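To start, the structure under review is shown below, and the notes come after it.
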Amino acid sequence: MTARSNITIPERIGGAAEVNYGQPAAPDFGPLARDRIPVRTMIASDLRALIAIDRRITGRDRSIYFERKLADTLRESDVCVSLIAEQDGAPVGFMMARVDLGEFGRIEPTAVLDTLGVDPNYRNRGIGRALLSQLLVNLTTLRVERIRTEVDWRDQELLGFLDHCGFYPAQQLCFEGAIDVEI
Amino acid sequence: MLKSDHQPHLATGVAASTHATSVKGAVAARRVRADDVPQVFALDERVTGVAKPDYWQDIFERYGKHRLNERFFLVAESVETEIRPRILGFIIGELRAWEFGSEPCGWVFALSVDPRTRLLGVGQALFDAISVEFKNAGVAKMRTMVARDNRLHLMFFRSEGMMAGPYIQLEKEFD
């Protein structure tokens, strides 16, 4: 400490320690996960794999939803930002997103992540992180600076994953109402 | 095609003589048409202060022309043809189903009313119209996301009986 008149100025903050260049890297989950797990752009022939993975996760057949989503991704988006992760030469995870501009007056391009699935047999192997990491890289090249998603507050597993990947609550409130109009 | 494609939703407007443009009589909500897009674009620019012509053309292509049984781009206009501007407001929503496992539900993602015709039932007409569209499409709930500091939208949706929903919006800014 340096004493000067009646105030004390700290010479450093925290305890004295050498920089440990041998310690594990900072929690940047991306590069390592991407290196280990091949991630590629989604194509039309991935539909059956998407439906199968989702059925293993949810126990439901959501073929119609995935047909529609894939059509949106491949035909309506100006840029494809949906991805497939592979292991042993087969799809084991997917992530689907779109790029929006201007909802409720927003003017900056924002990506919206709305579908994510990892085969239960391949959980905890960094598949989701690899997908998200590649998605962020792709979006950065498109000059998108922000990604958002909407999650049910009861979905603890998904919230935990997104928290770990650096997501935080946005300044938006969800409103919901029953539709009770007469037709 | 839905019944509501042919039948405009009507709401009685309360005339306000102090407004520069008063909406006397009824406000009709209907599907957007190509010739509405410049007025929608102009209204959005007036409200947000930002011109987004490419965005609005893209939104019209996606929500005004394709998959109209699950996408709803509605505009409100006065039934009195001499009123200008003709388009008094718009609302856009869509059915979203099974995203992250959620049950099918209607989402409203854009709503705007000409500042000169607020408090005259335009927003109400649009809200009612899209509610009918959602109900016709088979969903019983609607949701929206509103910025915490957007008091106008907060008050409007609360006044329509909407309450806090179970979703949390998360975001991540790129480093």
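General remarks:
- Verdict on A:Phe161 being under 10 Å from the mean Cα position of the chain (by Cα) and more than 7 Å from chain B (Cβ to nearest Cβ): yes
- Unmet requirement for A:Leu139, which otherwise passes all of (1) modelled with pLDDT under 85; (2) in a helix (DSSP H, G or I): (1)
- Qualifying positions in segment B:151-175 - in a loop (DSSP other than H, G, I, E, B) and within 7 Å of chain A (Cβ to nearest Cβ): B:Glu160, B:Gly161, B:Met162, B:Gly165, B:Pro166, B:Phe174
- Test: residue in segment B:50-62 that is within 30 Å of A:Thr58 (Cα to Cα) and at pLDDT 85 or above: yes
- Filter result (of a type in the set (S, T, N, Q) and out of contact with any helix residue (DSSP H, G or I) (no Cβ under 7 Å at 6 or more places or on another chain)) within segment B:128-149: B:Ser131
- Inside segment A:75-108, residues that are out of contact with any strand residue (DSSP E or B) (no Cβ under 6 Å at 6 or more places or on another chain), assigned to a loop (DSSP other than H, G, I, E, B) and at pLDDT 60 or above make up a count of 3.
- For segment B:123-150, the set of residues classified as more than 7 Å from every other protein chain (Cβ to nearest Cβ) and assigned to a helix (DSSP H, G or I) consists of B:Gly123, B:Gln124, B:Ala125, B:Leu126, B:Phe127, B:Ala129, B:Ile130, B:Glu133, listed by residue number.
The values are calculated or read from the model by the stated rules, or taken from the named source; none is laboratory data. Note that this is a predicted model, so its numbers are computed, not measured. All Cβ positions, even for glycine, are placed from backbone atoms using ideal geometry, and neighbour counts span all protein chains on display.
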